[in-house]
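Heads up: the structure comes next, in structure tokens.
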Amino acid sequence: MSHQDFQAMRRAMVESQLRTSGVNDPRVIAAMATTPREWFVPPVRATLAYTDRPVPLGGARFLNPPLIVGRLLTEAQVRPGERVLVIGAATGYAAALLAEIGASVTAVESDPALVEQARAALAGRSVEIVEGGLTDGHAGGAPYDLILIDGAVEFVPDALVEQLAAGGRIACARIDNGVTRMAIGRKGAGGGFALASFADAEAVVLPGFERERGFVF
């Protein structure tokens with residue numbers, strides 16, 4: 001496909017998937033309208049880059065649908081200059097959007113192959129890529145104004161909440177009794193934190209964020 005073909009697909013994504021579904025932050029729209037999403041998927045799946053479904057990346061990992069990323073970034077109200085940590089960076093698409101908005105971005109990914117792909121796709125962008133456990137975050141860059149967990153999780157580890165600045169936010173999709181909902185939470189001055197759901201979503205599941213299952217007879 002040509003560069004013009006991908007541009008047309010990107011415009012269609014913005015008009016048919018984002019603007020009609022609550023993605024109304026002009027900075028998020030601008031970032032998603034100018035960032036080539038096809039750079040962040042395997043070349044053999046480039047034609048799927050702008051569909052409203054998860055795109056397989058290999059190794060049981062997927063790129064979230066555009067709407068999921070757009071809604072989370074819109075609800076998070078990202079501002080230029082904020083320090084942002086991306087958990088589950090995968091190939092780096094969400095990190096690229098945040099950098100385009102003007103945030104100072106650190107992106108954590110546990111899969112070495114995806115780390116390599118992210119570094120190639122993010123070349124020239126102001127994003128620090130860290131290879132490490134997703135549930136650990138990156139304490140060396142804390143505190144963060146926003147932590148974006150780019151996928152669906154059953155719980156938010158205390159280690160990530162501890163890396164938030166007072167008043168900082170966490171945006172993610174959470175799995176509750178088999179239902180996945182997008183959610184956002186804010187850390188209080190006393191350290192308290194709670195998530196509030198705002199919309200159902202079919203976000204990709206991140207590994208390592210499952211609750212322990214009790215023994216059942």
Among residues of the range 196-217, those that are of a type outside the set (Asp, Glu), assigned to a strand (DSSP E or B) and open to solvent by 40 Å² or more (accessible area, probe 1.4 Å), counted: 4
Flag if Gln77 is of a type outside the set (Phe, Trp, Tyr), over 28 Å from Tyr144 (Cβ atoms), open to solvent by 10 Å² or more (accessible area, probe 1.4 Å) and at pLDDT 95 or above: no
Close pairs (8 angstrom Cβ cut-off, 6 or more residues apart or separate chains): hydroxyl-bearing (Ser, Thr, Tyr) in the range 55-76, open to solvent by 40 Å² or more (accessible area, probe 1.4 Å) anywhere: Thr74/Asn24
All positions within the range 143-202 that are among the aromatic types (Phe, Trp, Tyr) and more than 12 Å from Glu75 (Cβ to Cβ): Tyr144, Phe155, Phe193
Any pair with Cβ under 7 angstrom, 6 or more apart, that starts in the range 129-151 at a residue that is without any contact (Cβ under 8 Å) to a residue 60 or more places away in the chain and ends at one that is open to solvent by less than 40 Å² (accessible area, probe 1.4 Å) and among the hydroxyl-bearing types (Ser, Thr, Tyr): Val130/Thr106; His138/Thr106; Gly141/Thr106
Complete set of residues in the range 109-153 that are open to solvent by 10 Å² or more (accessible area, probe 1.4 Å), in a helix (DSSP H, G or I) and of a type in the set (Val, Ile, Thr): Thr135
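The values are calculated or read from the model by the stated rules, or taken from the named source; none is laboratory data. On a predicted model such as this, the values are computed, not experimentally measured, just so you know. Quick reminder, even Gly has a Cβ in these numbers, built from the backbone with ideal geometry, and neighbours come from all protein chains shown. Areas reflect the complete protein model, heavy atoms only, side chains present, ligands, DNA and RNA absent. Shrake-Rupley method; radii C 1.70, N 1.55, O 1.52, S 1.80 Å.
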